[in-house]
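Taken together, the values in this text are just the output of simple stated rules run on the coordinates, not laboratory data. Nothing here was measured: the structure is a model prediction, and the numbers come from that model. Don't worry about glycine lacking a Cβ; one is built from the backbone with ideal geometry, like all the others, and counts go over all protein chains shown.
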Amino acid sequence: MENPTTYDIAWLPGDGIGPEVTREALRVLDAVASAHDFAFTAEEYLMGGAALDETGTPFPNETRAACQESDAVLLGAVGGPKWDDNTGEKRPESGLLALRKALGVYANLRPVLVPETLASASPLRPDRVGGTDILFVRELTGGIYFGTPEGRTDDGARSTMVYSEAEIERIAHVAFQRAQRRHGHVTSVDKANVLEVSELWREVVTRVSEEQYPDVELRHLYVDNAAMQVVRDPQQFDVVLTGNLFGDILSDLAAALPGSLGLLPSASVGGTVGLFEPVHGSAPDIAGQDVANPIGTILSAALLLDELGEHEAADAVRHAVDATLEAGFRTADLAVGDEEAVSTSTFGREVATRAADPVPQNAPTP
Ligand code: IPM
Ligand code: MN
């Protein structure tokens, strides 16, 4: 028999709950790999605050080189109160931005789904949120996160929102092409009534749409209105195209729809190597207690598999997550009423068991 394809994954647990949740994602990958005839290695590297403490920098050269040579990067989260007073390049978050930039991953994909099984955990009315299926396409390596001039001045400070036409064009293509494979609708978000950079954003997105994607419906919303619409009627959205800062804010907002930020995965692509991380942060208040929700990271691993072309395995992971929820397992953030919560590792094992088994069987309930 031929040797199976082996993927080398750079594993960056990072800070807070990062180690716990990525461990469960690797467990699930392990379970799904042999059933789908591939293998993988996961080498661990320092990132964020953990890297700062050990090496003095949040994104060590060794980590950079390993990520660039890998087939995919799986990241937990970075940051925490220990480093909150750090500034500039001593902030764990600056390491994450440098990683995204180093890999050139300009397209951040953040799917927000509200499975009917979880609609009751939502802070909004279940009939409003049930069935929500939005894909945020957030520009990730430009905008105000990276614009110059920036920094302190004699009497203040400045940050600059900068986009070139080329940067807007390439992210617009990603959004339109995703929409073609989904429901054929893009909502582009900007602040074109105030910001010149948004005026250009709107112009370029409109041009790309007219010239190359007449089959996709496009509309524009101002970011403040978009925020309201996401809460008021999330079912109206298909693909949401945004710049870096607006996408950061709107995706956290949308993450409240299914009731927990812990559910949301992300994939950052378009560069040399893809970066896969949950949308949630390091959640220092619950770190090390085995109570965090690993779903966002497990679903990020599914996106990683998709990016490697292992679509069947990716689907198996998603089905296993759904089946585990349907069987009644809930982590603490999802448990409502008298539902009992299971630990991070129990939830991960339940998903892994189901992912390994391509034929759904009568799964145990808690
Ligand atoms: C995210 C995070 C990061 C961001 C931080 C940690 C730098 O909030 O991935 O959404 O703002 O991009
Ligand atoms: Mn964020």
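Structure summary
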read-out: Region 133-256, relative contact order in percent, only Cα pairs under 8 angstrom and at least six apart counted; value: 38
read-out: Long-range HN-HN contacts of Ser266 with modeled amide H, under 5 Å; value: Glu277, Val279, Ser300
read-out: Dipole in debye (nearest 20) - the chain, about Cα centre, beta carbon charges: Lys, Arg +1; Asp, Glu -1; value: 500
read-out: Label point 7 Å beyond Cα of Arg125 along Cβ direction - residues of region 234-249 with amide nitrogen under 20 Å; value: 234-237
read-out: Candidate lysines for bridging to Lys101, where Cα separation is under 24 Å - those fewer than 8 sequence places away on the same chain excluded; value: Lys90
read-out: Least to most buried among Met161, Met228 (fewest other Cβ within 10 Å first); value: Met228, Met161
read-out: Mean separation of Cα contacts under 8 Å (6+ apart) over length of region 184-263, as relative contact order %; value: 40
read-out: Residue exposure sequence - His280, His185 - by fewest surrounding Cβ within 10 Å; value: His185, His280
read-out: Dipole moment magnitude, nearest 20 debye, region 133-256 about Cα centre, only Lys, Arg, Asp, Glu C-beta charged; value: 300
read-out: Amide H partners (placed H, <5 Å) of His220, local residues excluded; value: Ser188
read-out: Relative contact order (%) - the chain, alpha-carbon pairs under 8 angstrom, separation at least six; value: 22
read-out: Centroid-to-centroid separation of region 1-73 and region 213-284 [C-alpha atoms, Å]; value: 25
read-out: Kirkwood-based shape ratio for region 55-125, expressed as Rg/Rh from alpha carbons; value: 1.12
read-out: Residues Ser122, Ser266, Ser164, sorted so that the one with the fewest Cβ neighbours within 10 Å comes first; value: Ser164, Ser122, Ser266
read-out: Unit charges at the beta carbon, dipole of the chain: most positive-side option, Pro115, Pro294, Gly143; value: Gly143
read-out: Pairs of Cα atoms farther than 28 Å apart, the chain, %; value: 45
read-out: Farthest positive-ward along the chain dipole, Cα basis, beta-carbon charges - from Thr206, Gln68, Ala102; value: Thr206
read-out: Cα gyration tensor, region 116-247 - rounded (a/c under 1.5), prolate or oblate; value: oblate
